[in-house]
Amino acid sequence: MKITEHIQNAQETLFSFEILPPLKGENIDSIFQSIEPLMEFKPPFIDVTYHREEVAYTELPGGLLKKRIVKKRPGTVGICAAIQNKYGVDAVPHILCGGFSKEDTENFLIDIDFLGIENVVALRGDAVKNEIYFRPEPDGHKYASELVTQIVALNNGIYLDEELENKSKTNFCIGVAGYPEKHMEAPNLDTDIAFLKQKIDAGAHYVVTQMFFDNQKFFAFVEKCRAAGITVPIIPGLKPLTSLKQLSMIPQRFRVDLPDELISELYKTKSADAAKQAGIEWCISQSLELKKAGVEVLHYYSMGKSESISKIAKAVF
């Protein structure tokens with residue numbers, strides 16, 4: 001079932017979450033172990049991230065460096081197939097511009113279509129770690145709106161090879177990312193919302209947001225989106241803080257602000273467990289307020305760890 005259909009059919013706020021593929025060398029049991037405790041909350045769908053390649057350098061005798069391309073977390077498509085087979089829950093793979101040519105994109109979409117996967121999240125993705133700015137692959141997409149356009153084309157039976165015969169249409173529901181505090185590369189929020197509108201106009205069906213810790217910023221973001229003519233569902237993305245270290249790491253990495261009250265609460269804690277509990281309680285409070293406001297789905301970034309998300313879900317759903 002499509003994400004938009006799940007939302008239309010829901011009688012109350014839905015629970016969903018996102019997982020990471022395991023590191024190369026680990027087996028899929030680690031994924032199942034993180035999913036199992038959350039199944040009691042009946043998620044209608046589970047997102048599976050896609051991690052692009054990284055560049056690594058090995059020093060050779062004589063001091064020269066050898067460049068290697070490494071993919072640390074492969075397996076997105078296989079994990080999605082396993083989730084749908086084992087749990088009967090819709091799996092939502094992420095697909096990136098980064099690391100994909102248009103041909104790679106088409107083949108990825110064909111694979112997941114063959115598996116009966118009906119949903120996909122289209123993202124630009126980040127620059128590789130040794131680069132400051134994002135660079136698309138040769139014959140790849142530079143913007144997520146272009147990626148959305150290719151997925152819509154395939155939904156209409158338009159393939160890269162125009163000479164193909166008996167072309168079948170795919171039927172993907174397309175999600176895209178939104179940023180309540182703007183994307184780090186956007187000059188301001190209004191500009192960022194204009195870029196989001198381009199993705200919706202290209203054919204995206206729903207938005208899922210970057211994490212945020214101040215609900216007022218989400219409500220203001222939704223209001224601005226509606227004023228800009230964005231009418232599709234906007235799903236809030238939430239993550240509990242689990243350590244004092246994240247007070248500096250999350251703002252630096254994701255360019256999100258932390259409320260003064262949350263920072264104060266975590267600094268008052270005297271142990272790692274107390275800090276984690278403070279983060280959980282803040283996320284519970286966020287979730288209850290969002291649920292009371294009538295949001296359609298609460299989407300949690302689990303980062304492959306279910307304990308904190310399970311405690312939140314028990315309090316909210």
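The values are calculated or read from the model by the stated rules, or taken from the named source; none is laboratory data. Keep in mind the model is a prediction, meaning the values are calculated, not measured. Note: ideal-geometry Cβ built from the backbone for every residue, glycine included; neighbour counts use all protein chains shown. Side chains included, ligands, DNA and RNA excluded: accessible areas come from the protein's heavy atoms. Shrake-Rupley method; radii C 1.70, N 1.55, O 1.52, S 1.80 Å.
Scan region 190-208 for residues that are in a helix (DSSP H, G or I), farther than 14 Å from residue 226 by Cβ and in contact with a helix residue (DSSP H, G or I) (Cβ under 7 Å, 6 or more places away or on another chain) and the total you get is 3. Note on region 1-27: residues that are at pLDDT below 95, open to solvent by 40 Å² or more (accessible area, probe 1.4 Å) and not polar (S, T, N, Q) amount to 4. Cβ separations smaller than 6 Å between residues 6+ apart or across chains give the following pairs from region 246-267 residues that are closer than 20 Å to residue 183 by Cβ to residues that are open to solvent by 80 Å² or more (accessible area, probe 1.4 Å) and of a type outside the set (S, T, N, Q): 255/184.
The set of residues in region 18-41 that are part of a loop (DSSP other than H, G, I, E, B), closer than 23 Å to residue 208 by Cα and without any contact (Cβ under 8 Å) to a residue 60 or more places away in the chain contains only 21.
Comparison of 129, 167 shows that the only residue that is touching a residue at least 60 places away in the same chain (Cβ under 8 Å) and either open to solvent by 50 Å² or more (accessible area, probe 1.4 Å) or among the hydrophobic types (A, V, I, L, M, F, W, C) (or both) is 129.
Out of 30, 34, one residue alone is open to solvent by 30 Å² or more (accessible area, probe 1.4 Å), among the small types (Gly, Ala, Ser), within 25 Å of residue 311 (Cα to Cα) and at pLDDT below 95. It is 30.
Annotation for region 79-99: at least one member residue is surrounded by fewer than 20 Cβ atoms within 10 Å (Cβ to Cβ), part of a strand (DSSP E or B) and either hydrophobic (A, V, I, L, M, F, W, C) or free of Cβ contacts under 8 Å to residues at least 60 places away in the same chain (or both). Filtering 224, 291 for residues that are open to solvent by 30 Å² or more (accessible area, probe 1.4 Å) and over 19 Å from residue 183 (Cα atoms) leaves a single hit, 291. Confirm whether residue 124 is open to solvent by 10 Å² or more (accessible area, probe 1.4 Å), at pLDDT below 95 and in contact with a Cys (Cβ under 8 Å, 6 or more places away or on another chain). Yes: the conditions hold for residue 124. Of all residues in region 177-193, which are open to solvent by 50 Å² or more (accessible area, probe 1.4 Å) and among the hydrophobic types (A, V, I, L, M, F, W, C)? Passing the criteria: only 184. Of all residues in region 254-283, how many are open to solvent by 30 Å² or more (accessible area, probe 1.4 Å) and not in a loop (DSSP other than H, G, I, E, B)? Result for region 254-283: 15. Could you list, in sequence order, the residues of region 294-317 that are open to solvent by less than 30 Å² (accessible area, probe 1.4 Å) and under 12 Å from residue 14 (Cβ atoms)? The answer is 295, 297, 298, 299, 300, 313, 316. If you filter region 235-253 down to residues that are assigned to a loop (DSSP other than H, G, I, E, B) and in contact with a Leu (Cβ under 7 Å, 6 or more places away or on another chain), you find that the one that is nearest to residue 310 (Cα to Cα) is 241. Go through (1) modelled with pLDDT of 95 or more; (2) open to solvent by less than 60 Å² (accessible area, probe 1.4 Å); (3) within 18 Å of the chain's Cα centre (by Cα) one by one and return the number of the condition residue 205 breaks. So residue 205 meets the others, but not (2).
When the test is whether a residue is in contact (Cβ under 8 Å) with a residue 60 or more places away in the chain and either of a type in the set (Phe, Trp, Tyr) or in a helix (DSSP H, G or I) (or both), residue 217 does not pass it. For the residues 306, 248, the requirement of being of a type in the set (S, T, N, Q), under 30 Å from residue 128 (Cβ atoms) and more than 20 Å from the chain's Cα centre (by Cα) singles out 248.
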